[in-house]
Each structure stands twice: as C-alpha cells, then as structure tokens.
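Have a look at the structure below, then the notes.
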Amino acid sequence: MPKAIQIQQFGGPEQLQLVDVNVGEPGPGEVRIRHHACGLNYIDIYQRTGLYQGALPLTLGMEAAGVVEAIGEGVTHLAPGMRVAYASQPPGAYCEVRVMPARCVVQLPDGIDFETGAAMMLKGLTVQYLLRKTQPQGGLQPGDPVLFHAAAGGVGLIACQWARSMGLQLIGTAGSDEKCALAREMGAAHVINYKTEDIVARVKEITGGRGVKVVYDSIGKDTWEASLDCLRPLGLMVTYGNASGPVPPFSVGTLAAKGSLYVTRPTLFTHLATRESTQAMADDLFGMVTSGQVKIRIDQRYPLADVAQAHRDLEARKTTGSTVLLP
C-alpha cells in the first residue's frame, strides 16, 4: 500500500507518523499523482501544531511534483503520464500517491526536474503574488527599496533574485552573517543581520532616512513593530506568515500615527482560486526559472520517512533555501 505522513493530533514533530493509506480512483475534477518529490514549507508546521487547524487525521504538505496516473471526469488540461507540479489546498502532499483537485495542478516544463518542481511551486508562486500583485500605492519602480524578512529561506532566496530582475533594491534580513552573505549572493542589494544589527536604524541608513515603500514579512510577532517603523508614509505592510507567532492585536490608530500606512494579510490560495489564475502565475514562475533569472536552490533533502527531523531543522532555522522530501 502507498505510504503517507499523517498526524493524529496537533503537536510537535513526534506527531508525524508514516502510515499506509488507501488511494482510490480520481472522481470528477480530480487527478491521481505519484509523487517523485515533495516540498517542505513553514505552513506545514502551522498545520502540525494546530495554528492552522484541519480535520484529523491530517496528511500534511502543500506542494509536490510527480507523474499523473489517472484523471477524473471533466479534467482536460492533464493526461496520464504527464509530468506535473502543484501548490494546493487541501494539504496532503507528504505521501507517495494521492488523489486531489486537478485545478491547481500544472504541467511541469521539460527543463525543470521533479525536485526543482517540488521545491519551487509554493515558494515561487508566493514570491510571484507578492512582488507582482501585492504592491504599495503607485506600484514599484526600478530602484525602489523594499524590505524582505527571512531573505535566506526558500521564499527569500527566490525573492532576492526576482526583485533583482525587476530592478528593485531588496534589503534582506537574516539571522547570521552566513545567511546574509547567501542572500546577497542571490541578489539582495543590502543585508541586515537581525541578531547583531538594529533593523530600523539600518533601513533608515540605507534609504537616507526615508524608509521603504513596502515590507514583506513572514516572521510575524517578532518583527511587526520594526517592520512598521521601516515604512515611509503611505507605505504597505505585507504580513504573510507567522514564523515567530501570530501578530498580536493592535490599534488601527497606530497606522495613522506612523504615516497613514496600509496593511494587508494575503494568502497564496486566494490568488490560486481558479485554474486560469493558477496557470498564469505558474507560467510567470516557469518563465523566470527557465530563463535563468531565478535559480531554485535546494540545500536539504530528506527521505519522506525522516520528515520529523526536517521539521525540527526548519523550526530551529538551521535550513537555507528550499528543502525537499523524497518518497
């Protein structure tokens, strides 16, 4: 029987169990995929701990790449034998084989291998909607400085390269000199080691006291105040993750006092609501990768059965770039 990683209750990495699963035939609008590689993302930890709750028992995982085994009625954009990849709700990518909705599954270009496909979909599509669609008043122009937290992570390293291709001056934060050097190597115009430097002071120094038009923040609680203080008047605060915990309640009057700021809390899956939008975003991402403007760096590989260790390493911020799980 095919194997999958499930949790029976919310909690730590020890809850991740390798189990046998029954995988049937795809129904209308569904596809069955045999995975060759699965992606690891911080949202998986939110779901494991119960910060984002799903019905138990729960198979985790939001992205993977593999080969179509069968399609259900009404699926016309996929065919058996096709190489595919996805970032999709509902969770369930930590497995060898799964049946899932077909609308978020796209054909993988010949020039992109399975590991790269699994490592790039959720993270790359996140960068796509952040930099292309989640922009401050007046948009972003070449030369504009933007602040991007966790710049040496899987999303961050893609963002460093994508921002460079757009002519943006990305200011990246990371937790060590080594991670800062990696972010700079991948395209960050400036880097800040948040463990040894004051983020707000450095951003003001870099921008001549003006601040940035937009902050992209996946850290949450620990960086919230500093992120707001890095913005120029009418700037946009994009909080899209909670690596340090959820942002605490705040007074909207704070936004007025700090310069009529804007705040948004977007999610990738709002942008992937239709097959057409998914395909358009994926085409943009695939174009960036196949052109060489964005390289997907895979720094960690784990057997699927060792997913608990992968979670421990990700939570301890021991990882850089992307991580894949191999069934």
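Each reported figure results from applying straightforward, stated rules to the coordinates on display, with no laboratory input. Just so it is clear, the structure is predicted and the values come from calculations on it, not from any experiment. In this analysis, Cβ positions are derived from the backbone assuming ideal geometry, glycine residues included, and neighbour counts consider all displayed protein chains.
Antiparallel versus total DSSP beta bridges in the chain: what percent is that, nearest 5? Please report the intermediate quantities before stating the final value.
Working: 29 of 53 bridges.
Antiparallel bridges: around 55 percent, rounded to the nearest 5.
Using the Cβ-Cβ distance between residue 229 and residue 316 with R0 = 22 Å, the FRET efficiency computed as 1/(1 + (r/R0)^6) comes to roughly 0.20. Show which aspartates and glutamates lie in cross-link reach of residue 204 when reach means a straight Cα distance below 12 angstrom and same-chain residues fewer than eight apart are skipped. Within the straight-line limit of under 12 Å, residue 204 reaches these aspartates and glutamates: 229. The per residue volume of the convex hull around the alpha-carbon atoms of region 1-78 is 111 Å³. If you find the alpha carbon centre of region 59-112 and of region 186-231, how far apart are they in angstrom? Cα centroid of region 59-112 versus Cα centroid of region 186-231: 37 Å apart. Could you list the residues of region 205-235 with an amide nitrogen less than 16 Å from a label point located 7 Å from the Cα of residue 166 in the Cα-to-C-beta direction? Answer for this model: 212-218, 235.
Here the gap between residue 77 and residue 290, fully extended at 0.36 nm per residue and compared with their Cα-Cα distance, gives a gain of 74.6 nm.
Separation of the alpha carbons by more than 18 angstrom is noted, of 133/221; 133/258; 213/295; 213/258; 221/318; 195/318, for 133/221; 133/258; 213/295; 221/318. Provide the convex hull volume over Cα atoms per residue for region 136-265, in Å³. Roughly 93 Å³ of hull volume per residue.
Show me the three semi-axes of the equivalent ellipsoid for region 215-312, from the C-alpha gyration tensor (sqrt of 5 times each eigenvalue), largest first, rounded to whole Å.
Values: eigenvalues 192, 88, 39 Å².
Semi-axes, largest first: 31, 21, 14 Å.
Label separation (residue 222 vs residue 8): 3.3 nm, computed from points 7 Å beyond Cα along the C-beta direction.
If the chain between residue 25 and residue 264 were fully stretched, how many nm would it gain, using 0.36 nm times the residue separation less the Cα-Cα distance? Stretched fully, the residue 25-residue 264 segment lengthens by 82.1 nm. Run a plain Debye calculation on the chain (Cα atoms as equal point scatterers, no solvent) and give log10 I(q)/I(0) at q = 0.11 Å⁻¹, rounded to two decimals, same order as the q list. The Debye formula, applied to the Cα set alone, gives -0.68. Put simply, when 11-23, 113-125 are sorted by average Cβ atoms within 10 angstrom per residue, most first, you get 113-125, 11-23. Each of the peptides 154-161, 58-65 was scored by the mean count of other Cβ atoms within 10 Å over its residues; in descending order, highest first, they stand as 154-161, 58-65.
Pop the C-beta distance of residue 89 and residue 252 into the FRET formula with R0 = 30 Å and round what comes out to the nearest 0.05.
Values: r = 30 Å, r/R0 = 0.99.
Rounded to the nearest 0.05, the efficiency is 0.50.
For residue 53 and residue 1, what is the calculated FRET efficiency with R₀ set at 30 Å and r taken between the beta-carbons, to the nearest 0.05?
0.65
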